[in-house]
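The values are calculated or read from the model by the stated rules, or taken from the named source; none is laboratory data. Just so it is clear, the structure is predicted and the values come from calculations on it, not from any experiment. With ideal geometry, Cβ positions are generated from the backbone for all residues, glycine too; neighbour counts draw on all protein chains shown.
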Amino acid sequence: MTISAISSGSAGPSGPSAHADPTTSPTGGPTGDPADGHGVPNADGRARAPEGILARQRRRESSARTYARNLPIVPVHAEGMTVIGADGRRYLDCLSGAGTLALGHNHPVVHEAIRGLLHSGAPLHVLDLATPEKDAFTAELLSCLPGDLATSAKLHFCGPSGADAVEAALKLTQTVTGHETLLAFTGGYHGMTAGALAVTGNVTIKERLRPVGTVVRLPYPYPYRCPFGVGATDGDCPDGARLSIQYIERLLDDPCGGVTQPAAMIVEAVQGEGGVVPAPDDWLRAIRRITAERGIPLILDEVQTGVGRTGAFWAVEHSGITPDVIVMSKAIGGGLPLAVIAYREELDGWTPGAHTGTFRGNQLAMAAGAATLRFVRSEALDLRAAEVGARMLADLRTIAAGRPCVGDVRGLGLMIGLEVVDPDAAPDALGTRPADPHLAARVRAECLARGLIVELGGRHDAVVRLLPPLTITDAEADRVLAILADALTAAASPPR
């Protein structure tokens, strides 16, 4: 099957062309001026003026809203990687619902699964009762899991968010071990609920809240901004990563180190919200050895990295290790809310009702999720992500070489980040310049003005993140790179 066919789910395209210039209108003509007040008409002919919708959102919704502040668009139609706003403009979506849309928007196999369930008359809400849809989804999910989890894992359906799945994983390991202390990493992000936020590294979002439980923060390898100040060397395990391993081992074994016996360690194989920082494979293997030798359950948060995103079906597979618990959400629901944890059978020690949720039996999400998992595997989209991601990374490094405002380009598969720095600031001892969040925000705005949706992450929100769907075509990838290169030049140019 061709790349275009993978993107559309059939031998021929349907709907808006995936290769169309994102700055043209749905009919192929030039876009109208968003300021003229005329929007794309509804089915009844009434225009949807984006300014009024955005104004009402600002008035009605809380000050905690995020994406809507930085991306002032009103999507009304989407297919594949293309989003059409109410003003008629087209955009290439490199956010993909923060990695939720593995197959892009409105993929035919997802639509078919949802329509089939709706037309069947099957119940849509059944709590945690068994259904044919749930049976099919669990069979598909189990067959995808790494290592011996594929044959022996227990599954638990959570409230439909990654944060609730993290909560379930933490509660499970604390219940089974009888311990409270949790080990987490600098730069980690695991969600916004109390327990998930406690193991998250970002200080800003929790500094006004009272701490929950005992969390010991450990150094995550980050070669560009090494927590040990030694930077990186060639090889599979940079100097900073080796020091991290040594530090963790010594801390855990130190009777005066202040760390009581942990209930679990939680880690991401690639820190997404933390700035797209991949963990070295050798480091992850050492982490697995350290936890196994000390009887500490290892939790892998695959909420954003799972289902082919990093060039393997699960990011942990790059290192070849098998964790004790995997946390899953986002792409496993095919774009609909769903969250599951998979864990070793011997950890299944909690009592009935120990972790429940009204919407953990989302039948539509299970149908869409099973279809997505099957399609990603049948079309080898994880390998496709590895191939396209490697090419995009290489091209981005070429683009960055002539732009001192880009301090680092990194990623794994189709999870890519560019760290934006102040090109005029003095570098530190490692040659690293300070992050420039204001310049990064200008890059994001320039991308949007040119028809590309990206978001920021990392320290100081200075990392431009690319999370395109796994179905991205070669032409779309080229267009993304061209827009981003123009946006970097425009953002770095002095204002007139």
Just to be sure before I move on: is T305 in a helix (DSSP H, G or I), buried (at least 24 other Cβ atoms within 10 Å of the Cβ) and at negative phi in the structure I sent? no
For G88, are the conditions met, namely being over 27 Å from the mean Cα position of the chain (by Cα), farther than 20 Å from P160 by Cβ and surrounded by fewer than 16 Cβ atoms within 10 Å (Cβ to Cβ)? no
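Got at least one residue in segment 133-150 being basic (K, R) and crowded, with 16+ Cβ neighbours inside 10 Å?
Yes: segment 133-150 contains one or more residues that are basic (K, R) and crowded, with 16+ Cβ neighbours inside 10 Å.
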With (1) in a loop (DSSP other than H, G, I, E, B); (2) surrounded by fewer than 19 Cβ atoms within 10 Å (Cβ to Cβ); (3) among the hydroxyl-bearing types (S, T, Y) as the list, and T200 as the residue in question, which single condition is left unmet? (2)
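Of T177, T214, which residue is assigned by TED's automatic domain parsing to the domain that holds V316 and under 25 Å from S329 (Cβ atoms)?
Criteria check complete, one pass: T177.
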Being touching a residue at least 60 places away in the same chain (Cβ under 8 Å) and under 14 Å from the mean Cα position of the chain (by Cα) is the filter here; which residues of segment 285-307 pass it? D301, V303, Q304, T305, V307
Residue in segment 349-366 that is at pLDDT 95 or above and of a type in the set (S, T, Y) present: no
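Might you let me know whether segment 335-345 holds any residue that is on the phi < 0 side of the Ramachandran plot, in a loop (DSSP other than H, G, I, E, B) and either surrounded by fewer than 19 Cβ atoms within 10 Å (Cβ to Cβ) or not assigned by TED's automatic domain parsing to the domain that holds T131 (or both)? Can you show your working first?
So the first thing to find is which residues in segment 335-345 are on the phi < 0 side of the Ramachandran plot, and the list is 336-345.
With the extra rule that they be in a loop (DSSP other than H, G, I, E, B), the set shrinks to 336-339.
Then keep just the ones that are either surrounded by fewer than 19 Cβ atoms within 10 Å (Cβ to Cβ) or not assigned by TED's automatic domain parsing to the domain that holds T131 (or both); that gives 337.
There is at least one residue in segment 335-345 that is on the phi < 0 side of the Ramachandran plot, in a loop (DSSP other than H, G, I, E, B) and either surrounded by fewer than 19 Cβ atoms within 10 Å (Cβ to Cβ) or not assigned by TED's automatic domain parsing to the domain that holds T131 (or both).
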Does segment 451-468 include one or more residues that are modelled with pLDDT of 95 or more, within 27 Å of T305 (Cα to Cα) and in contact with a Ser or Thr (Cβ under 6 Å, 6 or more places away or on another chain)? yes
Scan of segment 241-258 for residues that are more than 28 Å from the chain's Cα centre (by Cα) and surrounded by fewer than 19 Cβ atoms within 10 Å (Cβ to Cβ), ordered by number: Q246, Y247, E249, R250, L251, D253, D254, P255, C256, G257, G258
Identify the single condition in (1) among the polar types (S, T, N, Q); (2) loosely packed, with under 15 Cβ neighbours inside 10 Å; (3) part of a loop (DSSP other than H, G, I, E, B) that T432 does not satisfy, given that it satisfies every other one. (2)
Restrict the check to segment 400-418 and report whether at least one residue is β-branched (V, I, T), in contact with a Gly (Cβ under 7 Å, 6 or more places away or on another chain) and modelled with pLDDT of 95 or more. yes
Give A390, A386 a once-over and let me know the one that is surrounded by fewer than 24 Cβ atoms within 10 Å (Cβ to Cβ), in the same structural domain as A425 (by TED's automatic domain parsing) and touching a Ser or Thr at 6+ places or on another chain (Cβ under 9 Å). A386
Tell me, please, whether a residue that is touching a helix residue (DSSP H, G or I) at 6+ places or on another chain (Cβ under 6 Å) and within 17 Å of T310 (Cα to Cα) can be found in segment 376-391. yes
